[in-house]
Amino acid sequence: MKAITLLSSGLDCVAALAIAAKSLEIEMAITFDYGQRAGQREIEYSGKVCEHFGIEHRIIKLDWLGEITNTSLVNRNEEVPSLSFEDIDEAAPAAITENSAKAVWVPNRNGVMLNIAGSFAESRGCDYIVVGFNGEEAGTFPDNSLDYVKAMDHAFSYSTQNRVRVLAPLIEMGKTEIVKRALEAKAPLEYSWSCYHGGEIPCGECESCVRRARAFKNTGAKDPLLERLGI
């Protein structure tokens, strides 16, 4: 069976790709550029990941998506929230991560991206779209949840003739389990970029960086990206 994967080069989507590639033929990876801070870094690193797997890399610009939102991921005048391990602990107030989520929310981003990928998947006779949606982020980002995956599958059953489905290998996992599974699958995490910023090195303070750092700390493993960057 064949699949297309959404690839931002983040920890989750790289892990999902590595896991899915064990049993599926991955036709192509799609990276979206909507003017996000880390856009060029994501494109660069996604290209490296595609080289690793030997798959086609398609970059699609969505300038209009960046234009209709004031999210801090796009608007350089808005500050990206900084968090600590304690802020994302299970005992931490939900409002902290909820506020962080609001600051980086892009209107219907996953809906737009999945529907575009659905067109490519149908046209190429692919059965699945592989995504990095996971249980940990579903708590604050509803478009990462199992309910959302089921809803998209239902929609695709009407909008695609071959009834394309969304495959989310990490849908019930937290970040620590994702890191474990990614390392087992020998995912090229040295080229996975999770940071909301696009600098030479990860900021280490945004929500995505903190979740990643906590996961590697919990596993006792070193982060291959930081090792490659000499950090």
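State yes or no: is Y196 touching a residue at least 40 places away in the same chain (Cβ under 8 Å), closer than 20 Å to S8 by Cα and open to solvent by 30 Å² or more (accessible area, probe 1.4 Å)?
Details: touching a residue at least 40 places away in the same chain (Cβ under 8 Å): yes; closer than 20 Å to S8 by Cα: yes; open to solvent by 30 Å² or more (accessible area, probe 1.4 Å): yes.
Spelling it out, Y196 is indeed touching a residue at least 40 places away in the same chain (Cβ under 8 Å), closer than 20 Å to S8 by Cα and open to solvent by 30 Å² or more (accessible area, probe 1.4 Å).
Listed here are the residues, each with its yes/no results for (1) under 18 Å from E44 (Cβ atoms); (2) in contact with a helix residue (DSSP H, G or I) (Cβ under 9 Å, 6 or more places away or on another chain); (3) at pLDDT 95 or above; (4) open to solvent by 20 Å² or more (accessible area, probe 1.4 Å).
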{"residue": "V179", "(1), (2), (3), (4)": "no, yes, yes, no"}
{"residue": "Y191", "(1), (2), (3), (4)": "yes, yes, yes, yes"}
{"residue": "E207", "(1), (2), (3), (4)": "no, yes, no, no"}
{"residue": "G220", "(1), (2), (3), (4)": "no, no, yes, yes"}
{"residue": "I231", "(1), (2), (3), (4)": "yes, yes, no, yes"}
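Scan region 6-25 for residues that are touching a Gly at 6+ places or on another chain (Cβ under 9 Å) and in a strand (DSSP E or B) and jot them down. Even if it seems obvious, please write down each step before you answer.
The initial filter retains those residues of region 6-25 that are touching a Gly at 6+ places or on another chain (Cβ under 9 Å), namely 6-17.
If the condition is that a residue be touching a Gly at 6+ places or on another chain (Cβ under 9 Å) and in a strand (DSSP E or B), then L6 is the only one that fits.
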Q) Give me the pairs: first residue in region 52-73 and touching a residue at least 24 places away in the same chain (Cβ under 8 Å) and under 23 Å from G118 (Cβ atoms), second residue among the basic types (K, R) and open to solvent by 30 Å² or more (accessible area, probe 1.4 Å), beta-carbon distance under 9 Å, and six or more apart or on different chains, which are they? A) L62/R109; L65/R109; T69/R109
Q) Which residues, taken from region 50-92, are open to solvent by less than 90 Å² (accessible area, probe 1.4 Å), modelled with pLDDT under 70 and part of a helix (DSSP H, G or I)? A) F85, D87, I88
Q. Restricting attention to region 117-149, and to residues there that are farther than 20 Å from M28 by Cβ and in contact with an Asp or Glu (Cβ under 8 Å, 6 or more places away or on another chain), which single residue is surrounded by the most Cβ atoms within 10 Å (Cβ to Cβ)?
A. N134
(Q) So for region 93-116 (the condition being open to solvent by 30 Å² or more (accessible area, probe 1.4 Å), among the acidic types (D, E) and at pLDDT 75 or above), does at least one residue qualify? (A) no
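Those residues that are in contact with a strand residue (DSSP E or B) (Cβ under 9 Å, 6 or more places away or on another chain), open to solvent by less than 10 Å² (accessible area, probe 1.4 Å) and closer than 23 Å to G125 by Cα, I need them from region 1-31; list them, please.
Within region 1-31, the first condition is being in contact with a strand residue (DSSP E or B) (Cβ under 9 Å, 6 or more places away or on another chain), and the residues that meet it are 1-9, 13, 16-17, 19-21, 24-31.
Applying the additional criterion that residues be open to solvent by less than 10 Å² (accessible area, probe 1.4 Å) yields 3-5, 7, 9, 16-17, 20, 28-31.
A3, I4, T5, L7, A16, L17, A20, M28, A29, I30, T31 - these are the residues of region 1-31 that are in contact with a strand residue (DSSP E or B) (Cβ under 9 Å, 6 or more places away or on another chain), open to solvent by less than 10 Å² (accessible area, probe 1.4 Å) and closer than 23 Å to G125 by Cα.
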Q. Here is a list of conditions, (1) open to solvent by less than 10 Å² (accessible area, probe 1.4 Å); (2) in a helix (DSSP H, G or I); (3) out of contact with any Leu (no Cβ under 6 Å at 6 or more places or on another chain), and R41 meets all of them except one; can you say which number that is?
A. (1)
**Q.** In region 150-170, the residues that are more than 11 Å from Y128 (Cβ to Cβ) and surrounded by 17 or more Cβ atoms within 10 Å (Cβ to Cβ)
**A.** M152, T160, L170
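The values are calculated or read from the model by the stated rules, or taken from the named source; none is laboratory data. Worth saying up front: this structure is predicted, and the values here are computed from it rather than measured. Backbone-built Cβ (ideal geometry, glycine too); neighbour counts: all protein chains shown. Heavy atoms of the whole protein, side chains included, go into the accessibility calculation; ligands, DNA and RNA do not. Shrake-Rupley method; radii C 1.70, N 1.55, O 1.52, S 1.80 Å.
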